[in-house]
Amino acid sequence: MKYNAILFVALLFSFLQTNLAQPGFNKVTTTDYPQGQLFDMIVHNDTVIGYGLAFNDSVEWTQGLLLVKFDSSGNLLNSNLILAPEGDFYSIHYHWGKITTAPGGGYTMTAAPYYSNSSVLIKVNNDLEVEFTKEFPDTVNLSNFRYVIENTQDGYLLYGAIQRPNFLSNAFIRRVDGQGNTIWFNYYGDYSNASALLDLKMVDDSTIIAATVEKVGNNDNGSHSILRTINLESGAVLDSFVSEPDPEIGYLRKVMPFPDGGGFLTYGVSVVEVTPFGSKLVQPTFARFSANFDLLWVKRFGKIYNLATGLGFLDIERTLDGHFIAAGRDVVELPDGNDGVAGTLVKFTEYGDSLWARYDQGPYPPNYIYAHHFSGVGILSSGNIVAAGTATLGMDDNIWLVKVTTDGCMDTILCEPITGIVEQARKEGVEMRVYPNPANQEISIELQNSNTDYFITIYNARGEKVASQLANSSSAKTVISVTRFSPGIYFLELRNKEGIVGREKVVVNR
């Protein structure tokens, strides 16, 4: 009896470790269709719907649109490959050809037939079977494939860029009903300047916020970033913000509206250097705008890379705790000393401060890895995070899923702290040291080379101010008590009359 009791306890402990301690996973999946890779994903009713490309078999090698459905544990529930009419094949990419839920159930996506100037809208049911295909033929423009989709209450907004007769692309929005019939269509921007509408969101039931990048003239004079609020019923522009060329806020990639007129958070890439060969080196950038397009702050972070590499975030979603999770790809150093491309997940606050960051690779031998990416991310009802994309081993592409907790961990028992992304460099001449960190009683802030007064403000993870104090230039150290702070993550901000000159993340524990 004693032996059986010990055995039962051991088995129970093993079960708890397997089922409770490891809610996350890192797995690759294959289907009946070779070379499967994902370019987008959504989470719907705690199932993961992936959208990508694959081939019908290893003989004909006809490319089609791959749809896959997984449960919250990453088990494959269903898959389907949608082929174009005979003699053609469908195509999508990281930045166009996306999927969304359909107002009446099922899913709707955009794609492009390769040998046509048109784009298509495809509606499938919950079993991933095609219900209808709507084509948008174009006999005037040169290329009409770059369509992205966003759903409304009764239909969809299709947007992106169309190559006009002058060979330049122009930003556009096409509003359609649930069957794909056009309600209105508008171009946005100057016909003589190349532009693309890169992201669009519903602000409320009647207003759209759209982010566009538009080239300045036909020479290498840089590009503007443009934000527009647009009326849903007519497509008319209600208000707009136009940046300077190669702006501080960066070339916009994503825009995220806050509820109840709280303004907008944008993500872009800002130019930090142009090489002698004309290549632009950029750095990821967050910016915060009021509802009236007043620019409140700008924050650069992370690595500097060549714009042409396509690194950075490909999807950003709101988490259940009010923060944001971004998914994409970045360069990391592999164990053999070479560089590889990893899937990147970063959780950050509405102030652009990172809570954690992780860089994942598929479950392959590291020396054989040369490319990974997350192309989409979603949130389960538990708050856990699922990212999907493609993991490459040699010449083989495979569907890749990673699931982590809201704290960025795969294992809740052995979870180790994950570092945040590198924050923007402080302005020259100001050096700040914050200690101890973590803290439980008080924190000390030391400023070096300081000859002016500063204000120190501390915010909690919800962005609420919890403390502020003047750091006088006559004193080298400022002490702030944290005994009344709840355990958790806080953000310390250093500001002078010129603006924010430093930020630090502070952890309070007991």
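Just to verify a result, which residue in region 88-116, among those that are free of Cβ contacts under 8 Å to residues at least 40 places away in the same chain and open to solvent by less than 70 Å² (accessible area, probe 1.4 Å), is farthest from Leu200 (Cα to Cα)?
Restricting to residues being free of Cβ contacts under 8 Å to residues at least 40 places away in the same chain and open to solvent by less than 70 Å² (accessible area, probe 1.4 Å), the top hit is Asp88.
Taking Phe185 and the conditions (1) over 18 Å from Phe89 (Cα atoms); (2) open to solvent by 50 Å² or more (accessible area, probe 1.4 Å); (3) in a loop (DSSP other than H, G, I, E, B), which numbered condition does it fall short on, given that it satisfies the others?
Here Phe185 clears every test but (3).
Would you check which residues across region 214-235 are outside any loop (DSSP other than H, G, I, E, B) and of a type outside the set (A, V, I, L, M) and list them? Show your work before the answer.
Start the filter on region 214-235 by keeping residues that are outside any loop (DSSP other than H, G, I, E, B), which leaves 214-215, 223-231.
Scanning region 214-235 gives Glu214, Lys215, Ser223, His224, Ser225, Arg228, Thr229, Asn231.
Looking only at region 188-203, count every residue that is open to solvent by less than 60 Å² (accessible area, probe 1.4 Å) and among the acidic types (Asp, Glu) and tell me the total. Talk me through it step by step, then tell me what you get.
To start, the set of residues in region 188-203 that are open to solvent by less than 60 Å² (accessible area, probe 1.4 Å) comprises 188-189, 192-203.
Filter once more, keeping what is among the acidic types (Asp, Glu): 199.
Total satisfying the criteria: 1.
For Gly180, are the conditions met, namely being touching a Lys or Arg at 6+ places or on another chain (Cβ under 6 Å) and in a strand (DSSP E or B)?
Details: touching a Lys or Arg at 6+ places or on another chain (Cβ under 6 Å): yes; in a strand (DSSP E or B): no.
Here the answer is no, as Gly180 does not meet what is asked.
Give region 475-498 a look and list any residue that's open to solvent by less than 20 Å² (accessible area, probe 1.4 Å), assigned to a loop (DSSP other than H, G, I, E, B) and either at pLDDT below 85 or not β-branched (Val, Ile, Thr) (or both), or say none.
The answer is Phe485, and nothing else.
Confirm whether Gly64 is closer than 30 Å to Arg164 by Cβ, under 20 Å from the mean Cα position of the chain (by Cα) and either open to solvent by less than 20 Å² (accessible area, probe 1.4 Å) or of a type in the set (Ser, Thr, Tyr) (or both).
Working: closer than 30 Å to Arg164 by Cβ: yes; under 20 Å from the mean Cα position of the chain (by Cα): no; either open to solvent by less than 20 Å² (accessible area, probe 1.4 Å) or of a type in the set (Ser, Thr, Tyr) (or both): yes.
So Gly64 fails the test.
Being part of a strand (DSSP E or B), more than 30 Å from Glu131 (Cα to Cα) and of a type in the set (Ser, Thr, Tyr) is the filter here, so list the residues in region 188-213 that pass it.
Listed by number, the residues that qualify are Tyr188, Ser195, Thr212.
Just one of the numbered conditions (1) touching an Asp or Glu at 6+ places or on another chain (Cβ under 7 Å); (2) surrounded by fewer than 22 Cβ atoms within 10 Å (Cβ to Cβ); (3) at pLDDT 90 or above is not true of Phe301; which one?
(3)
Considering region 237-249 alone, what residues qualify as being among the aliphatic types (A, V, I, L, M), more than 19 Å from Lys280 (Cβ to Cβ) and touching a residue at least 24 places away in the same chain (Cβ under 8 Å)?
Taking region 237-249 and keeping what is among the aliphatic types (A, V, I, L, M), we get 237-238, 242, 249.
Those still in the list that are more than 19 Å from Lys280 (Cβ to Cβ) too: 237-238, 242.
Listed by number, the residues that qualify are Val237, Leu238.
On the basis of being outside any strand (DSSP E or B), more than 18 Å from Asp353 (Cβ to Cβ), modelled with pLDDT of 75 or more and open to solvent by 30 Å² or more (accessible area, probe 1.4 Å), does Arg433 make the cut? So that I can check it myself, show each step before the final result.
On the way: outside any strand (DSSP E or B): no; more than 18 Å from Asp353 (Cβ to Cβ): yes; modelled with pLDDT of 75 or more: yes; open to solvent by 30 Å² or more (accessible area, probe 1.4 Å): yes.
So Arg433 fails the test.
Could you please let me know if Gly352 is in contact with a helix residue (DSSP H, G or I) (Cβ under 8 Å, 6 or more places away or on another chain) and either small (Gly, Ala, Ser) or modelled with pLDDT of 90 or more (or both)? Show your work before the answer.
Values: in contact with a helix residue (DSSP H, G or I) (Cβ under 8 Å, 6 or more places away or on another chain): no; either small (Gly, Ala, Ser) or modelled with pLDDT of 90 or more (or both): yes.
So Gly352 fails the test.
Of all residues in region 453-467 being at pLDDT 80 or above and more than 32 Å from the chain's Cα centre (by Cα), which is surrounded by the most Cβ atoms within 10 Å (Cβ to Cβ)?
Tyr454
Limited to region 266-281, what total is found for residues that are touching a Phe, Trp or Tyr at 6+ places or on another chain (Cβ under 8 Å) and assigned to a loop (DSSP other than H, G, I, E, B)?
0
Against the conditions (1) assigned to a strand (DSSP E or B); (2) farther than 20 Å from Ala388 by Cα; (3) open to solvent by less than 40 Å² (accessible area, probe 1.4 Å); (4) not β-branched (Val, Ile, Thr), where does Gly352 fall short? Just the number, please.
(1)
Would you confirm whether any residue within region 218-226 is modelled with pLDDT of 95 or more and open to solvent by less than 30 Å² (accessible area, probe 1.4 Å)?
Yes, some residue in region 218-226 is modelled with pLDDT of 95 or more and open to solvent by less than 30 Å² (accessible area, probe 1.4 Å).
Mind telling me which of the residues Ala326, Ala371, Ala357 ends up being in a strand (DSSP E or B), modelled with pLDDT of 85 or more, small (Gly, Ala, Ser) and surrounded by fewer than 23 Cβ atoms within 10 Å (Cβ to Cβ)?
Working: Ala326 fails: surrounded by fewer than 23 Cβ atoms within 10 Å (Cβ to Cβ); Ala371 fails: modelled with pLDDT of 85 or more.
Exactly one residue qualifies, and that residue is Ala357.
Go through the residues of region 258-265 one by one and say whether even a single one is touching an Asp or Glu at 6+ places or on another chain (Cβ under 9 Å), outside any loop (DSSP other than H, G, I, E, B) and either under 28 Å from His323 (Cα atoms) or free of Cβ contacts under 8 Å to residues at least 24 places away in the same chain (or both).
Scanning region 258-265, I find at least one residue that is touching an Asp or Glu at 6+ places or on another chain (Cβ under 9 Å), outside any loop (DSSP other than H, G, I, E, B) and either under 28 Å from His323 (Cα atoms) or free of Cβ contacts under 8 Å to residues at least 24 places away in the same chain (or both), so the answer is yes.
Scan region 262-293 for residues that are open to solvent by 60 Å² or more (accessible area, probe 1.4 Å) and either of a type outside the set (Asp, Glu) or closer than 25 Å to Tyr159 by Cβ (or both) and jot them down. Even if it seems obvious, please write down each step before you answer.
Filtering region 262-293 down to residues open to solvent by 60 Å² or more (accessible area, probe 1.4 Å) leaves 273-274, 276-277, 292.
Those that are open to solvent by 60 Å² or more (accessible area, probe 1.4 Å) and either of a type outside the set (Asp, Glu) or closer than 25 Å to Tyr159 by Cβ (or both): Val274, Pro276, Phe277, Asn292.
Under the condition of being under 22 Å from the mean Cα position of the chain (by Cα) and outside any strand (DSSP E or B), which residue from region 7-41 is modelled with the lowest pLDDT? It would help to see each step written out before you state the result.
Going through region 7-41, the residues under 22 Å from the mean Cα position of the chain (by Cα) turn out to be 24-28, 36-41.
Imposing the further condition that a residue be outside any strand (DSSP E or B) reduces the set to 24, 36.
Numbers: Gly24: 90, Gly36: 93.
Filtering region 7-41 for residues that are under 22 Å from the mean Cα position of the chain (by Cα) and outside any strand (DSSP E or B), the one modelled with the lowest pLDDT comes out as Gly24.
Filter region 138-163 down to the residues that are open to solvent by 50 Å² or more (accessible area, probe 1.4 Å) and either in contact with a strand residue (DSSP E or B) (Cβ under 8 Å, 6 or more places away or on another chain) or in contact (Cβ under 8 Å) with a residue 60 or more places away in the chain (or both) and list them by number. Walk me through it before giving the result.
If we filter region 138-163 for residues that are open to solvent by 50 Å² or more (accessible area, probe 1.4 Å), which is where we start, we get 139-140, 142, 145-146, 153-154, 163.
The answer is Leu142, Phe145, Arg146, Asp154, Gln163.
The values are calculated or read from the model by the stated rules, or taken from the named source; none is laboratory data. Everything numeric in this text was worked out from a predicted model, so none of it was measured. Don't worry about glycine lacking a Cβ; one is built from the backbone with ideal geometry, like all the others, and counts go over all protein chains shown. Each accessible area value is taken on the protein alone, full model and side chains, heavy atoms only, with ligands, DNA and RNA left out. Shrake-Rupley method; radii C 1.70, N 1.55, O 1.52, S 1.80 Å.
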